[in-house]
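Values quoted throughout were computed directly from the atomic coordinates according to the rules given, and no laboratory measurement underlies them. The model shown is predicted, which means the values in this text are computed figures rather than measured ones. FYI the Cβ positions are ideal-geometry reconstructions off the backbone, even for glycines, and counts take in every protein chain you see.
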Amino acid sequence: MKSVPDFFGCKVFDDRVMKAKLSAAVYQSLRKTIDEGAKLDISVANAVAAAMKDWAVAHGATHYTHWFQPLTGVTAEKHDSFISPSPDGGVIMEFSGKELIKGEPDASSFPSGGLRATFEARGYTAWDPTSYAFIKEKTLCIPTAFCSYGGEALDKKTPLLRSMEALNKQAMRILHLFGNDEVKCVRTSVGPEQEYFLITKEMYEQRKDLRFTGRTLFGAKPPKGQEMDDHYFGVIKPKVAAYMEELNEELWKLGILAKTEHNEVAPAQHELAPIYTTTNIATDHNQLTMEIMQKVAVKHGLVCLLHEKPFAGVNGSGKHNNWSLTTDKGTNLLSPGETPYENAQFLLFLCAVIKAVDDYQDLLRLSVATAGNDHRLGANEAPPAVVSIFLGDELNEVLEAIEEGTLYTGTEKTQMKLGVDVLPKFNRDTTDRNRTSPFAFTGNKFEFRMLGSSNSIACANIMLNSAVAESLKVYADRLEKAENFEDTLHAMIRKTIKDHKHIIFNGNGYDETWILEATEKRGLLNYRTTPDCMPHLLDEKNVRMLTSHKVFSEAELRSRCEIMLDNYCKTVLIEANTMIDMANTEIDPAVSAYVLELAKTAAAKKEVDTSISCSYEAVLLKKLTRLEEQIAVRAEELKEAVMKVEEIKEIREEAYMIRDTVLGKMGELRVACDEAETITAKKYWPFPTYSDLLFGVK
Ligand SMILES: NC(=O)CC[C@H](N)C(=O)O
C-alpha cells in the first residue's frame, strides 16, 4: 500500500500539479489571481482549462461540473462531459477557459427567497480559483460561486468570500497602525470538528423517521444510555475502525487534512477533526467531508447520521468551529505575543472579538439556527442558546486589571495603566477549557461550539468575520485620528471591557441559574428557537452592518431570512407528517395486534379454568388500549395542527405556529407512543428501538 504522503491530494489540481502542468508564465498569472485576486486573462484561463482537463482525463474523469453551494445547505453539481464531436465521427475531449470561468446552469429550482422569479431560470456560476479543483468519481469539480442574473448571491460561498475580504481590509488597517507594514493580507482560518452517529444500514432502512427526517421521532429511553461515559474516547470497534480507515483515505486523496478521530460521548457517536485551514477552503472541505462520510458508510453497511439530535436523551452532534486570524506571514493574531507591544495588539484583536460577539449575539445565534439544532442547543453537553464567551482565568484577570487599573499579578507584577509599553507580558492561556461555553477561547483561537453537525460552516463564519470586521473598523476609525496612539488604544481596550464584560462568562453554561443570570441580570439574548431568532436578521443594526461591509445586499438578507424560515417550516412539517404516518400505519396496528394476543391469551386461560387470574393480561390490555386510543387521538390532533399551518400564507406566522402548536402536538404523540413501546412485546414493535440502534454496530 502507498504511504499517505504519496497519495495525499492525488485527486486535487493543487499547487504541485499547477506547477508541473502549467508554463511558468501561466502559473505566475494564476497564482496572482489566487493570492491577490488579480483578474484572469482569457488566454491564461484557456491554458489552465486545457491542463486541468488533461490531468483530469488522465485520472479517469469524463465529465466536469461547476460545484457550488446553493442555499439548500448542501452542494450542487450538474455534470457535462468533455466530449466534442470530431469530423471523422469520433470525439475529442475539450474544455475551454470560458467553460472553466463561467457556467449557466438552468437552476430555477434552487431556493432564492424571492431574489429571482422562476421564469428567470438563469443563474451563473463563477470559478473560485482560491479553492482547488478536484476529482470526485469521474467528474472534475470546479468550486464556484453562484449568483442570479442580476448579480445577487444565491449561495453561501459568495458572502463568505466577501466577509473574509471585509475582515482582511479592517485587520490590515489595524496592523498598519501598529507599524506592521510587511503583512499583505489577513485571513481567517477554521478547523471544524465534525460529530456524527453510525448505525447499521439494515436498521436504518426499517425506520421511516430516519429515512425521511434524519432523526428518530419516536423511541423510549433505553436501559443504558451514556451515563457510564464508557464510549467517550473508548476503544473503537472493528467495523467503525474499518469505516474510519477508508474515510481517512478518501479524504486525504482530496487533500482534506483529516487528523483526529475518536468515539464521542453518546453510544454510536464519533468525531472527526481536521487540521485548520483558510475558511473558504475549510468550508468546501467540510461539505465534501460530510458527503464522503455518508458515502463511505453505505459501503460498510452503515449509515452516517449528521442530524444534530438523532436520538432524544443522549448527546446531540455539533460542529465546533475553531476560528482564528492569521497574517500571510504566518502570525496568529489571536496568540498572545512575546512582548508587551505584541500583547497590546493581541488584546485589541481579542477585544474586537468580544465586542463583535456581544454586539451581534443575535447574528451568531441565527447563523446556526435550524429546526434540528433547536433540539440540540441547551441539552446534553451542547451549549445553551444564550451566546457568551469563555476566556479562562488568566485572560480574565488581565482584562479585570486593565478595567480596574489595578495590579495584574499573573506572571509579572505590572501596573495596568495607560500606554502599551506597560501592558503586561502574560502567558498563553493553554490550560483551562470550558465545554459548556458557546464561544470559548482556547489559547490561540476561539471555538464557536453552537454550530450543529449538519450546518454548513459558511453562515457562522460569515457572521463572525463581518462582526469582527465591524469592531475593527470602529477601532481603526478612532485610532487613525488619535493624537496619542497609546493613550487612545488603552482607553479603547478599557472601554470595550467595561461595555462588553457582561458577555464574558467562565462558569457552567449548562446550569439553569446561568440562563436566569444571563437573561435577567445581564440582559443577554436567549433565542431558543429558529423562529425566535431568524427575523432579527433584518433588524436595522444588522442590515446596516452587513450591507456596509458589502457582505450582503438588503435583498440578499431578505431572501435568506425567508429561505431559512421556509426550511424550518418544511423540516418540521415533514417530521409531523412522518409521525402521523408511523403512528397510524405502524405503531397503533402493532399495539392493537399485541392487545389481541393478550385478549386471546386471557380468554384461553379462562377457558381452561375460570379461577385462573388473568390480571397480567387484563392490566396490560387496559393500559395498552388506553394508549392505543391516545395515539389515535393525538395523531389526529397533530394532523389538524398541520392542516391549520398549511392555510397560513405568511412565512413568519407559519413558523410561529409551528413553534407554538405543531411541535407541542408532536411531543404529546411521542409520549404516548414511547410509553406503549415500553410495555409492548418486542416482537410486535414495528421498528428497531433505541437499544437496537445505539448498540447495533458491532
Ligand atoms: N464532548 C463534547 O465535546 C460534546 C459536544 C456535544 N456533542 C455537542 O453537541 O456539542
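When the expected Rg is taken as 2.2 N^0.38 Å, what fraction or multiple of it is the alpha-carbon Rg of region 200-264? Write down the numbers at each step before the final one.
Values: Rg = 15.4 Å, N = 65, 2.2 N^0.38 = 10.7 Å.
So the Cα radius of gyration is 1.44 times the expected 2.2 N^0.38 Å.
A protection proxy built from the mean count of other Cβ atoms within 10 Å ranks the segments 143-156, 471-484, most packed first, as 143-156, 471-484. Cβ crowding within 10 Å, taken as a proxy for footprinting-reagent exposure, orders Thr547, Thr370 from fewest neighbours to most as Thr547, Thr370.
With one equal scatterer per alpha carbon and no solvent term, the Debye-computed log10 I(q)/I(0) for region 616-698 at 0.14, 0.21, 0.25, 0.26 1/Å reads -0.64, -0.95, -1.12, -1.16.
In plain terms, the residue of Met643, Met666 with the fewest other Cβ atoms within 10 Å comes first and the most crowded comes last, giving Met643, Met666. Peptide packing for 130-141, 33-44, 497-508 was compared via the average number of neighbouring C-beta atoms within 10 Å per residue; ordered from the highest value, the list is 130-141, 497-508, 33-44.
About the Cα centre of region 160-316, how large is the charge dipole given +1 on each Lys and Arg Cβ and -1 on each Asp and Glu Cβ? Please answer in debye to the nearest 20.
Numbers: 19 positive and 21 negative charges, 96 e Å.
The dipole of region 160-316 has a size of about 460 debye.
Computed over the alpha-carbon pairs of region 462-597, the distance histogram in 5 Å steps reads 2, 7, 10, 11, 12, 13, 12, 9, 6, 5, 4, 3, 2, 2, 1, 1, 0, 0 percent, short to long.
Here the dipole of the chain is about 860 debye; that uses its Cα centre as origin and unit charges on the Cβ of Lys and Arg (positive) and Asp and Glu (negative).
Extending 7 Å from Cα along the Cβ direction at Val91 and again at Asp14 yields two label points whose distance is 3.1 nm. Across the cross-link table entries Lys156/Lys295; Lys157/Lys473; Lys39/Lys295; Lys98/Lys295; Lys136/Lys184, which are compared at the Cα atoms, the separations over 29 Å belong to Lys39/Lys295; Lys98/Lys295; Lys136/Lys184. Gap in Å between the Cα centre of region 189-242 and the Cα centre of region 674-688? First find each Cα centre; the distance between them is then 20 Å.
Among Leu538, Ile92, His502, whose Cα sits farthest toward the positive end of the charge dipole of the chain (+1 at Cβ of Lys/Arg, -1 at Cβ of Asp/Glu, about the Cα centre)? The residue sitting most towards the positive pole is Ile92. Dipole magnitude for region 54-194: computed about the Cα centre from +1 point charges on Lys and Arg Cβ and -1 point charges on Asp and Glu Cβ, it is near 480 debye. Spatial offset of region 30-97 relative to region 450-522 amounts to 42 Å, using the alpha carbon center of each.
Where in the chain are the DSSP H helices whose C-alpha atoms run 20 Å or more along the long axis and whose mean Kyte hydropathy is at least -0.5?
Span-like helices in the chain: 42-58, 157-177, 279-299, 340-359, 457-481, 554-582, 588-608, 615-647, 663-679.
Ordering Ala297, Leu621, Thr33 by the projection of their Cα atoms onto the charge dipole of the chain, which places +1 on the Cβ of Lys and Arg and -1 on the Cβ of Asp and Glu, puts Thr33 at the extreme positive end. Toward the positive end of the charge dipole of the chain, with +1 on the Cβ of Lys and Arg and -1 on the Cβ of Asp and Glu, the farthest Cα among Phe68, Ile174, Pro336 is that of Phe68. For the chain, the alpha carbon convex hull comes to 203 Å³ per residue, rounded to a whole number. For region 538-632, the equivalent ellipsoid built from the Cα gyration tensor has semi-axes of 60, 11, 7 Å, listed from largest to smallest. For the listed peptides 632-638, 359-365, a ranking on the average number of other beta carbons within 10 Å per residue, highest first, reads 359-365, 632-638.
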